[in-house]
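Have a look at the structure below, then the notes.
The values are calculated or read from the model by the stated rules, or taken from the named source; none is laboratory data. The structure presented is a predicted model; accordingly, all values stated were derived computationally and were not measured. Here the Cβ is made from the backbone with ideal geometry for all residues, glycine too, and neighbour counts use every protein chain on show. For accessibility, only protein heavy atoms count, side chains too; no ligands or nucleic acids. Shrake-Rupley method; radii C 1.70, N 1.55, O 1.52, S 1.80 Å.
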Amino acid sequence: MKLLKVAAGVLNQIPLAWEHNKKNIINAIEEAQRQNVSLLCLTELCISGYGCEDAFFAQNTIDQSIASLLEIVDYTNDIAVAVGLPLRHNNRTYDTACLIANKRILGFAVKQNLANNGVHYETRWFQPWNPYVRDEIKIGDFSYPFGDLVFDLSGIRVGFEICEDAWVANRPGRMLYERGIDIILNPTASHFAFLKSQVRERFVVDASRAFGVSYVYSNMLGNEAGRMIYDGDAMVASNGELLVSGPRLSYEDFLIVPAVVDVELTRLNQTQSRGNIALAYPNLRVSDRFDWPDISPVIQKAELEAWERGGYLKEEEFARAVALGLFDYLRKSRSQGYVLSLSGGADSSAIAALVFLMIRMAEQNLGLEGVKKKLGYIKAIQKCESPEAMVGKLLTVMYQGTENSSDDTFNSAKELAEDIGATFMNININGLVETYRELIEAQLGRKLSWDTDDLALQNIQARVRAPGIWMMANLNNSLLLSTSNRSEAAVGYATMDGDTAGSISPITGIDKHFLRGWLRWLETVGLNVKNESTPADRTGSVMEPTASDHLIKVKGLHAVNNLQPTAELRPLDKKQTDEDDLMAYDVLNSIEEAAIRDKQPPVEVLKLVEVRYAGRYDREKLLVWVERFFKLWSRNQWKRERYAPSFHLDDHNLDPRSWCRFPILSGGFEKELADMRDWANEQKPNSRKGKIGF
């Protein structure tokens, strides 16, 4: 056996935060050295940060990255380390992975396939590298190999697939296999999306089997730049077997996930392969001496964490991803806390619960003192003796009622705030609403009424709430949380500068149908968490579930879970509900997926929802709803352009700055909607007369 100890290194970085990023990398290297790791793979573009956007065009970004790299080199004695950084070569910018060993730069492997779909725009900043091409790049007084490289370290051959390289059909791993590779390193910045970790695991394990290699996969961690959340997925697979996988969605600055791999066993796999031509390509090989220490065999078997095995994976991932996203957004923006207009409805209640989970999950992971240290700049929490006490310092909620507000929503808001420990405020804004109403009536010379001025009278209530809650955010030096969800964003069911006001919109990436089910789950089932964290958790060891595992539930959601969602902007006797204003939320989500994600025209959307909801809704109702969706979608792109930054949670969303671009002014699908109506009328039985019209 030829055993090597390798590791995936997960990092929580910040774009352009040179000292923070460098310190994090050095700390991770030193931890790997303490664990006797010989080969460490860190994350994509970890020196600069992945989300630098147009700052990648700046020469200063390249210069600072190189300066950090040269300092990091000095910390690599007796270890080989891969670090990511942008480099400029022949007036083009490239996404590279630098392999360092024993305080020497060996060369730079360059990314060959750039992500340019969904949330990614890498081709805006980077140039892809061509396979089988090697060049040299000068840094300081020395030139280094640059391009499609295999590193031969005393007979152990190491190659790279950088993030998107592994997601394409003709992946570089196939070419590395032709060269008799032993280990493939994959430094990546793969954004979080529901259930995506399962996809990653498949291509890591499959690559290790198909190419007969050991495969080390290292993903970024946390809310790096504002919208994307990274789950810190880290895996090592060998010969088709997953050896280890690290904890996901951690609150640590870094994680080391080590494994022992057998090079002779993977070589045996390649030796026994048939019909494959082994091509050496010596001009693409970079050889150097490296002393691989003797390693004893270990028993390794990857295990999912307890929360990933409980049957509620999407609910768990949503809670953990958004909570981590909020935590990082808070500390990286150096804000003192969060402020929320808590209406007692599902959306604002979900956000309040997520802030509570943010603290509870951080405390579970880091311990109370660890949270205080991580948020050391917030003096108000340093004497807190419980997570609930921290919530009181970090979350202020305000119920702002009018004559149209009910006792049910007030009690719902108050019950939740008391249960999670948030600071609760209650003000009545009816006088402010009436003042604005009277001022406008005086100028118009007439009374406003619900019969003629419905929308304006609804919106003024929502807008009047904004100044008071913004004032609290300013007084507390806190971030204001906006409460719109994705279902509302799709059809513009939101008051601009009212419920859309805020610094961050944490649930705009999730639909209302899921959110309501998630709230019931959080009340009755809850998150599966360990009772306490241990140092082993934070260095990458896979922990077995123990009897100390328990659940975090939010009983204060009971009231909101028994309410019908309503904006409460019309008089109570009108019995306003969201679904009466719009349509059934599950149908809305189905229409959105078909129309926006799958780019289908109205008639095809109607055909799909007819099949999906057969027996529940007739064609006439579904046709009305499909038409309503397309019209409202087209009219409200300007609103989506103005939403506060939101988290990307699905592998599709409605954010025009990260996934879905649509013209602010358009034809509004007029011809397509007419085609749908014509089709619907043609399908009607001859016994029925008349047309479906609007």
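Across the stretch 53-63, the number of residues qualifying as touching a residue at least 60 places away in the same chain (Cβ under 8 Å) and either open to solvent by less than 10 Å² (accessible area, probe 1.4 Å) or under 19 Å from D141 (Cα atoms) (or both) comes to 1.
Just wondering, is there one or more residues in the stretch 562-574 that are assigned to a helix (DSSP H, G or I), under 28 Å from the mean Cα position of the chain (by Cα) and either surrounded by fewer than 16 Cβ atoms within 10 Å (Cβ to Cβ) or on the phi > 0 side of the Ramachandran plot (or both)?
The answer is no; no qualifying residue exists.
Can you say whether L455 is loosely packed, with under 11 Cβ neighbours inside 10 Å and either under 19 Å from D497 (Cβ atoms) or touching a residue at least 60 places away in the same chain (Cβ under 8 Å) (or both), as far as the supplied structure shows? So L455 passes the test. Return a yes/no flag: does the stretch 168-184 have any residue that is within 22 Å of the chain's Cα centre (by Cα), farther than 20 Å from T123 by Cα and either charged (D, E, K, R) or surrounded by fewer than 24 Cβ atoms within 10 Å (Cβ to Cβ) (or both). Scanning the stretch 168-184, I find no residue that is within 22 Å of the chain's Cα centre (by Cα), farther than 20 Å from T123 by Cα and either charged (D, E, K, R) or surrounded by fewer than 24 Cβ atoms within 10 Å (Cβ to Cβ) (or both), so the answer is no.
Assess whether A584 counts as being touching a helix residue (DSSP H, G or I) at 6+ places or on another chain (Cβ under 9 Å), hydrophobic (A, V, I, L, M, F, W, C) and farther than 16 Å from R516 by Cβ. So A584 fails the test. Candidates in the stretch 391-423 are the residues that are more than 14 Å from A353 (Cα to Cα) and part of a helix (DSSP H, G or I); of these, the one that is nearest to the chain's Cα centre (by Cα) is K393. Any chance the stretch 439-452 includes a residue that's open to solvent by less than 50 Å² (accessible area, probe 1.4 Å) and assigned to a helix (DSSP H, G or I)? Yes, some residue in the stretch 439-452 is open to solvent by less than 50 Å² (accessible area, probe 1.4 Å) and assigned to a helix (DSSP H, G or I). Yes or no: the stretch 622-630 includes at least one residue that is part of a loop (DSSP other than H, G, I, E, B) and touching a residue at least 24 places away in the same chain (Cβ under 8 Å). Checking the stretch 622-630: not a single residue is part of a loop (DSSP other than H, G, I, E, B) and touching a residue at least 24 places away in the same chain (Cβ under 8 Å).
Note on the stretch 387-413: among residues that are of a type in the set (G, A, S) and modelled with pLDDT of 95 or more, the one that is surrounded by the fewest Cβ atoms within 10 Å (Cβ to Cβ) is A389. For the stretch 101-125, a residue qualifies if it is open to solvent by less than 10 Å² (accessible area, probe 1.4 Å), more than 27 Å from L279 (Cβ to Cβ) and either among the hydrophobic types (A, V, I, L, M, F, W, C) or in a strand (DSSP E or B) (or both), and exactly one does: A115. Going through (1) surrounded by 15 or more Cβ atoms within 10 Å (Cβ to Cβ); (2) free of Cβ contacts under 8 Å to residues at least 60 places away in the same chain one by one, I66 falls short only on (2). For the structure I just gave you, tell me whether R486 is open to solvent by 10 Å² or more (accessible area, probe 1.4 Å) and among the charged types (D, E, K, R). So R486 does not fit the description; no. Only residues in the stretch 256-269 that are outside any strand (DSSP E or B) count as the first member; pair them with residues that are of a type in the set (V, I, T) and modelled with pLDDT of 95 or more, Cβ under 6 angstrom, at least 6 apart or cross-chain, and list the lot. Close Cβ pairs satisfying both conditions: T266/V213.
Hey, among the residues in the stretch 1-47 that are in a loop (DSSP other than H, G, I, E, B), of a type outside the set (A, V, I, L, M, F, W, C) and open to solvent by 20 Å² or more (accessible area, probe 1.4 Å), which one's nearest to L153 (Cα to Cα)? Lay out the reasoning, then the answer.
Filtering the stretch 1-47 for residues in a loop (DSSP other than H, G, I, E, B) gives 1-2, 12-17, 35-38, 42-47.
When the remaining residues are screened for being of a type outside the set (A, V, I, L, M, F, W, C), the result is 2, 12-13, 15, 35-36, 38, 43-44.
In the following step, the residues that additionally are open to solvent by 20 Å² or more (accessible area, probe 1.4 Å) were identified as 2, 15, 35-36.
Values: K2: 14, P15: 32, Q35: 20, N36: 17 Å.
Looking at the filtered set, the residue picked out is K2.
Annotation for the stretch 300-316: at least one member residue is more than 30 Å from G526 (Cβ to Cβ) and either over 39 Å from the mean Cα position of the chain (by Cα) or touching a residue at least 40 places away in the same chain (Cβ under 8 Å) (or both). Within the stretch 365-384, identify whether any single residue is closer than 21 Å to G517 by Cα, open to solvent by 10 Å² or more (accessible area, probe 1.4 Å) and in a helix (DSSP H, G or I), and answer yes or no. No: the stretch 365-384 contains no residue that is closer than 21 Å to G517 by Cα, open to solvent by 10 Å² or more (accessible area, probe 1.4 Å) and in a helix (DSSP H, G or I).
Anything in the stretch 351-366 that is in contact with a Lys or Arg (Cβ under 9 Å, 6 or more places away or on another chain) and not hydrophobic (A, V, I, L, M, F, W, C)? List them, or say none. Selection gives Q364, N365.
Checking the stretch 344-357 against the condition returns no match, with no residue being open to solvent by 30 Å² or more (accessible area, probe 1.4 Å), in a helix (DSSP H, G or I) and more than 14 Å from G556 (Cβ to Cβ). One residue stands out in the stretch 291-324 among those that are under 30 Å from I378 (Cβ atoms) and of a type in the set (A, V, I, L, M): the one that is surrounded by the most Cβ atoms within 10 Å (Cβ to Cβ), namely L324. I460 satisfies every condition listed in (1) of a type in the set (A, V, I, L, M); (2) open to solvent by 10 Å² or more (accessible area, probe 1.4 Å); (3) part of a loop (DSSP other than H, G, I, E, B) except (3). With respect to the stated conditions, F327 fails to be touching a residue at least 12 places away in the same chain (Cβ under 8 Å), more than 18 Å from G392 (Cβ to Cβ), of a type outside the set (K, R) and open to solvent by less than 10 Å² (accessible area, probe 1.4 Å).
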